[in-house]
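Report on the structure given below.
The values are calculated or read from the model by the stated rules, or taken from the named source; none is laboratory data. None of the values given here were measured: they were computed from a predicted structure. Quick reminder, even Gly has a Cβ in these numbers, built from the backbone with ideal geometry, and neighbours come from all protein chains shown. Each accessible area value is taken on the protein alone, full model and side chains, heavy atoms only, with ligands, DNA and RNA left out. Shrake-Rupley method; radii C 1.70, N 1.55, O 1.52, S 1.80 Å.
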Amino acid sequence: MDLFVQDLQKDDSLQGIEHQFYNLLESQLSDNEKLQIYYFMRDRLVIHRDNGSNEAIVLMTLMMNKPEVQEFMFRIADEESMKIQKIIFKAEAQVQQVRSLTLFNKPSMIKRKTVPPQEIQTFKQEETKVQEEPKQIDQIPKENIIILQQQEPEYDRLLRRAKQTMNETQLDEAYKFAVEALKLKESQNYKENQDFLEEIVQKYDYMIMNLKEMETDGWIPDAEKSGIKVKYKFVAGTSTASMIMETEVNVNAVRVLSLVNEADLNHLWVPFCMRTYVNKVINRACKVCTTEMYFPLIPNRETVFVGEGIDRLNVNGTIVLMSRSIQDDKQFQQRYDLNIPAKSKFVRMLIRYYLFEIKPITHDRCQIRAITNCDPFIHMVPNSVIAYIGRKFAHILIGKIVHYAKNFETSPFYPVFQEHREFYTWIEDKMNKYLQK
């Protein structure tokens, strides 16, 4: 391998790179050694391209699309996918100790803060105060409440309803109130609340646009495995492939939701995830996280994303979990006072969209649909290889979700689920009301 590098350093002209490329394909080097030299050649070609050489672009395309290149990349992808599954199982075994932990002894290995007993008491006192407040409201005569509502300006009513429905994560309903409120530009508090209302509209448009993408044409079906359907398609003008994953399983929908929601346990089920940590909790159904990824063929990646849950049970019987990268969204960072470093030691990847749609069918059965498009910013890796890795990613991801959901009480997720029992009870109540209709 060193001889190839030395020869390329002596002659990194286009003719020299092309000559060494064909020598590389015929060599007896291992797949990983070939990949390292291939990337060394790529870096030299990028320099030629940046200096205005169209011939370099032609040579890059020729090298990328050579069947021999795709074959050794496929083999590496297979090997690395097997490794990552072993890593996931190893991580699962390490986290089994979580089962014996209590509220006062959080698992340090997943970086959860230990809550001192005195803070727990403070939380309980605050909860008692909150529970007492509705009693005071109940004491207001009903006729007085009606009079107050009649005197309420239309803008204030719409704003109040938008806040109420967003607090219940009912984005569809909040959208209707926000649209109407944004029409009343002469209202006294319009500018003060404009960003909040416009964000509701933007979230709704983002959600609907990406959910509709699942119904578009051009999806290529992959082989169905264990009841898991995967489809993919290449996105014009990008080096990415979008993925759709679908399955129907005999598990409770809240369990599935909890797996996706507990971000700092992502490394147990998300392929190639090394770790995920929470940067900031925006509200009970929305948080900003950073995830670090290890991918076959390329250096490690990272992305900072916002994840949010949406209650659409009254719309189409689903709960939607959606996320997108925000490391380049300066407006979002300023709005929520986030301090995201401009640079990272990892290459920053882009999650254009990542949506889970969970539909409870019965108390013990649900449908899962997911759609994602991520750009890891890979150069000179053929689309066929990207799609191949993506399809493996999709099957492993949904397979792990189903595995943990079916074995929930003995999984590392169960103690965390119990720790956040109040939150999940809130969701269970919503789903039970929907299923009783």
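List of remarks:
- Each of the peptides 350-357, 39-46, 402-409, 10-17 was scored by the mean count of other Cβ atoms within 10 Å over its residues; in descending order, highest first, they stand as 350-357, 39-46, 402-409, 10-17.
- Additional length obtainable on full extension of the chain from GLU154 to HIS363, 0.36 nm per residue less Cα span: 71.2 nm
- Using R0 = 45 Å, the C-beta based FRET efficiency linking TYR277 and THR61 works out to 0.70.
- Here the 3J(HN,Hα) profile of the stretch 41-53, calculated from phi with Karplus coefficients 6.51, -1.76 and 1.60 at θ = phi - 60°, is 4, 4, 4, 5, 5, 4, 4, 4, 4, 5, 8, x, 8 Hz, Gly and Pro shown as x.
- The stretch 327-390 - charge dipole about Cα centre, Lys and Arg +1 at Cβ, Asp and Glu -1, debye rounded to 20: 60
- Accessible area of the stretch 189-242 belonging to carbon and sulfur atoms, whole % at 1.4 Å probe: 50
- Residue-wise HN-Hα coupling along the stretch 277-292, computed from phi with Karplus coefficients 6.51, -1.76, 1.60 (Hz; x: Gly, Pro): 9, 8, 7, 7, 8, 7, 7, 5, 10, 8, 8, 9, 9, 10, 10, 10
- Basic side chains Lys and Arg get +1 at the Cβ, acidic Asp and Glu get -1 at the Cβ, and with that the dipole of the stretch 344-437 about its Cα centre reaches some 340 debye.
- Of all aspartates and glutamates in the structure, the ones whose alpha carbon falls short of 12 Å from that of LYS343, not counting any fewer than 8 places away in one chain, are GLU302, ASP328.
- Spin-label model, LYS437 to SER13: label points 7 Å out along the Cα-to-beta-carbon direction sit 7.3 nm apart.
- Under-5 Å amide H pairs with ARG365, H placed in peptide plane, nonlocal only: VAL251, ALA253
- Measuring nothing but how far apart in sequence close Cα pairs (under 8 Å, 6+ apart) lie, relative to its length, the stretch 231-283 scores a relative contact order of 19 percent.
- Potential lengthening of the chain between SER384 and LYS345 amounts to 11.2 nm, from the contour at 0.36 nm per residue minus the alpha-carbon distance.
- Each peptide in 249-255, 28-34 receives the mean, over its residues, of other Cβ atoms within 10 Å, and ordering these scores from highest gives 249-255, 28-34.
- Label separation (ASN23 vs ASP217): 5.0 nm, computed from points 7 Å beyond Cα along the C-beta direction.
- Stretching VAL201 away from LYS225 to a fully extended chain increases their span by 4.8 nm, per 0.36 nm per residue minus the current alpha-carbon distance.
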